[in-house]
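Read through the structure below, which is laid out as structure tokens, and then see the notes.
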Amino acid sequence: MKTILVDKEPLMQRMLEEVMKGIREVDVVGSFRNSEKALEYAEENTVEFALLDTEMPVMDGLDLGRKLQKVCPGIVLIYITENSDRLADIFKMKADYCIMKPCSRDDIEDAAERARLLSKRQKKQVTVQMFGRFDVFLNGKVLYFKNAKSKELLALCMDRCGGSVSMEEVIDKLWPERIYDEKVKRLYRKAVMNLQGTLREKGITEFFQTKRGSCYISKEEVECDYYTYLVEPEKNEKMFQGEYLFDYSWGEETLANLMNAY
């Protein structure tokens with residue numbers, strides 16, 4: 001987990017850094033005694049877990065947490081406080097956990113383990129890369145497709161961002177040289193079945209959906225560079241380098257729209 005530590009006390013900060021170094025699942029990417037600096041870092045970098053002191057000067061630790069929740073969706077927030085009066089406010093803002101000062105090494109390790117479990121639950125199984133070459137990853141490992149057309153079918157559904165894709169459109173994009181007849185319809189059905197089989201083998205059942213004569217993907221089930229970019233293109237401008245689904249000629253229409261818009 002990409003982790004930041006924020007505490008106003010130098011001794012406490014050093015203790016947090018020392019303990020976190022010994023936890024394999026934690027990657028401390030920033031350690032701060034200034035809330036504004038921590039927020040600036042989070043606005044430009046990925047942060048998955050923040051361990052925050054509530055009593056920070058200038059910008060209160062709770063205010064920092066609220067802003068982190070906006071710039072880092074899904075972030076795990078755990079607080080350290082010496083003031084029991086802050087507990088109600090901490091849980092009201094839906095922070096994930098809190099430990100009280102003075103705290104021990106065991107307390108900090110327990111907080112990190114809670115963060116690891118929460119982060120794991122929030123991460124999506126399926127990750128899709130659309131900028132450049134189209135690739136699908138399951139829990140970080142490349143998902144291989146036995147049938148090239150089934151992979152292209154998934155790419156087309158991803159391009160539609162959860163919208164329904166008709167059989168006619170799939171055939172037009174995947175088999176542009178073929179006459180629209182029963183033979184090519186069978187090719188479509190074969191691609192659908194192969195895609196369903198590949199996903200089902202890996203326990204993925206909700207991601208790709210079909211209706212009579214159409215199919216679509218569930219956006220809630222996938223993490224995707226293209227989708228992330230569309231939400232905040234300015235923040236994620238480094239993601240898009242002018243390449244989009246370059247294996248598939250039909251992707252050029254979306255690429256042109258991206259180039260014109262952004």
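The values are calculated or read from the model by the stated rules, or taken from the named source; none is laboratory data. None of these values were measured; they are calculated from a predicted model. Every residue, glycine as well, gets a Cβ built from its backbone with ideal geometry; the counts of neighbours run over all protein chains shown. Side chains included, ligands, DNA and RNA excluded: accessible areas come from the protein's heavy atoms. Shrake-Rupley method; radii C 1.70, N 1.55, O 1.52, S 1.80 Å.
Being closer than 19 Å to Leu255 by Cα, assigned to a helix (DSSP H, G or I) and open to solvent by 30 Å² or more (accessible area, probe 1.4 Å) is the filter here; which residues of region 152-177 pass it?
Just the residues of region 152-177 that are closer than 19 Å to Leu255 by Cα, to begin with: 152-163, 165, 169-170, 172-174.
Cutting the leftovers down to assigned to a helix (DSSP H, G or I) gives us 152-159, 169-170, 172-174.
Answer for region 152-177, where residues must be closer than 19 Å to Leu255 by Cα, assigned to a helix (DSSP H, G or I) and open to solvent by 30 Å² or more (accessible area, probe 1.4 Å): Glu169, Asp172, Lys173.
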Notebook entry, point to check: When region 220-246 is examined, which residues are found to be within 14 Å of Met158 (Cα to Cα), of a type in the set (D, E, K, R) and at pLDDT 90 or above?
Noted result: Asp225
Item checked: Condition broken by Glu25, with the remaining ones in (1) open to solvent by less than 20 Å² (accessible area, probe 1.4 Å); (2) under 17 Å from Tyr97 (Cβ atoms) satisfied -> (1)
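Which helices (runs of 4 or more DSSP H) sit wholly inside region 18-127 and have at least 3 residues that are farther than 17 Å from Ile4 by Cα? It would help to see each step written out before you state the result.
Values: elements: 35-44, 61-71, 87-92, 105-122.
Ranges flagged: 87-92, 105-122.
Taking the condition among the aliphatic types (A, V, I, L, M), in contact with a strand residue (DSSP E or B) (Cβ under 6 Å, 6 or more places away or on another chain) and surrounded by 12 or more Cβ atoms within 10 Å (Cβ to Cβ), does Ala111 pass?
In short, yes.
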Margin query: With the structure loaded, tell me whether Ser119 is more than 22 Å from the chain's Cα centre (by Cα), among the polar types (S, T, N, Q) and at pLDDT below 95 or whether it fails that test.
Written below: no
Check: What is the number of the single condition among (1) under 19 Å from the mean Cα position of the chain (by Cα); (2) open to solvent by less than 90 Å² (accessible area, probe 1.4 Å) that Asn194 does not meet?
Finding: (1)
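Within region 178-227, which residues are in a helix (DSSP H, G or I), of a type in the set (Asp, Glu) and in contact (Cβ under 8 Å) with a residue 60 or more places away in the chain? Spell out how you get there, then give the answer.
So the first thing to find is which residues in region 178-227 are in a helix (DSSP H, G or I), and the list is 182-201, 219-221, 225-227.
When the remaining residues are screened for being of a type in the set (Asp, Glu), the result is 182, 201, 220-221, 225.
Residues satisfying the conditions are Glu221, Asp225.
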Item checked: Failed criterion for Glu36 (all others in (1) modelled with pLDDT of 95 or more; (2) open to solvent by 60 Å² or more (accessible area, probe 1.4 Å) hold) -> (2)
Check: Only one of (1) closer than 13 Å to Leu153 by Cα; (2) open to solvent by less than 90 Å² (accessible area, probe 1.4 Å) fails for Arg189. Which number is that?
Finding: (2)
Checklist line | Filtered residues of region 201-225 (kept if open to solvent by 80 Å² or more (accessible area, probe 1.4 Å) and of a type in the set (Ser, Thr, Tyr)) | finding: Thr205
Check: Can you tell me which residue in region 67-97 is farthest from Ala42 (Cα to Cα), limited to those that are surrounded by fewer than 19 Cβ atoms within 10 Å (Cβ to Cβ) and among the aromatic types (Phe, Trp, Tyr)?
Finding: Phe91
